[in-house]
Structure formats: C-alpha cells, structure tokens
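I have placed the structure first, in the form of structure tokens, so that the comments after it can refer back to it.
Nothing in this text is a laboratory measurement; each read-out follows from the coordinates by a stated rule. This structure is a prediction, so every number in the text was calculated from the model and none was measured. As a convention, Cβ positions derive from the backbone with ideal geometry for all residues, glycine included, and neighbour counts pool all protein chains shown.
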Amino acid sequence: MAELKVGDMAPDFTGLTQEGNSLSLSDLKGSRIVLYFYPKDNTSGCTLEAKSLRDGKAELAERGYRIIGVSPDSERSHQNFCAKHDLNFTLLADTDHSICEAFGVWAEKSMYGRKYMGVVRTTFLLNEEGRITHIFNKVKTAEHYQQIVNELDKK
C-alpha cells in the first residue's frame, strides 16, 4: 500500500474493541478521531503514551476528538491495560495486523540486531469525513496529548 499523507481519506477498517464490540471507521463518520497506533500494551513507552492521552482526553473531547488506540494485542490484553492504567478510551485489537497494514504502520523493525515485523508508533488525526488532517511520525510518548494540542493550535 502507498504511504498515507495529509489530505488522503483514511482506509476503512473494522476491529474489535476491548469490550468485544465491532467498530468500523464508517461508524465514526461525523466525529473527529485521534487514531493512534502503538506496539504493545503495558510496555513503558506505550503506557506513557496511553496515560498522556488519558490525561488529555477531556481537552481533546472539547475540541471534538475521540481517541482510539490500535495495537496487535488481544481484547483481553486491552481490557487488562485499560483496567491497570484507568484508560478511558477505546482500544482496538488488530491481531491480524490488517488495520496496521492498511495505514502503513506494520513494518520491519530492528532491535539489538534482530529484525522483526512490528508497529511503527504513529498517530493520525481524522476529520469528520475520515480525511487525514495530521500525521505524527515522531511521537513523544510522555507528552503526546500536548504534542497533538500544540499542532492543533497552529491552525
């Protein structure tokens, strides 16, 4: 798939939430979305990012945004992650990587000289029609909510 860019329509997707409910991009039409992709529940960077978004949820909601996180973890893993860190937003289980692949964030990574496939931490902001308005490729995990707000304030 070609790399997505600002102005593109987001690919439609369907995934299961931490509660086991099906959620599609088409279900979200009319809402602005913070769609963030992260590698793994309960890892240090992913936890910092989730807590930042949790703490900024009210301000993002005031600006009309709903937060949705996506990772390859299972529904049960997402349930535990939400409970452990009081997360107050939707997480989608993308166990087959189809959503990550559609957004171009499933890629080869390298750690300690070992190559493997994984999620490249990326956030997309979508408008009410599902069009991409911002892409964050360099996510500051502990300050991600503020990073988003700073970008929105530039408008």
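Neighbour counts of other C-beta atoms within 10 Å: give me His78, His85 arranged from fewest to most.
His85, His78
Please go through segment 63-123 and write out the chymotrypsin sites (Phe, Trp or Tyr not before Pro) that DSSP classes as loop and that have at most 11 other C-beta atoms within 10 Å.
Sites meeting the loop and neighbour criteria: Tyr112.
Where a Cα-Cα gap under 15 Å defines reach, which aspartates and glutamates qualify for Lys140, not counting those fewer than 8 residues away within the same chain?
Once the sequence-local aspartates and glutamates are set aside, what remains near Lys140 is Glu49, Asp55, Glu151.
For segment 18-104, compute the number of Lys pairs whose alpha carbons are separated by less than 19 Å, excluding pairs fewer than 8 positions apart on the same chain.
4
How large is the helix-only mean residue ellipticity at 222 nm for the chain, computed as the sum of -39500 (n - 2.57) over DSSP H runs with n ≥ 4, divided by its residue count, in deg cm²/dmol to the nearest 500?
For the chain, the value works out to -9000 deg cm²/dmol.
Choose one answer from Lys29, Lys57, Lys109: the residue with the largest mean-square fluctuation in a GNM of the chain with alpha-carbon springs under 10 Å.
Answer for the Gaussian network model of the chain: Lys109.
Please order Ser71, Ser22, Ser77, Ser98 by the number of other Cβ within 10 Å, starting at the fewest.
Ordered from fewest to most neighbouring Cβ atoms within 10 Å, Ser71, Ser22, Ser77, Ser98 come out as Ser22, Ser98, Ser77, Ser71.
What net charge do the residues around His85 carry, taking every other residue with its C-beta under 14 Å from that of His85, with Lys and Arg at +1 and Asp and Glu at -1?
So the environment of His85 carries a net charge of 0.
Could you calculate, for the chain, the ratio of the Cα radius of gyration to the Kirkwood radius, expressed as Rg to Rh?
Here the Rg-to-Rh quotient is 0.93.
Once the other residues with Cβ under 11 Å from the Cβ of Thr141 are scored (Lys, Arg +1; Asp, Glu -1), what is the net sum?
Net of charged neighbours comes to +2.
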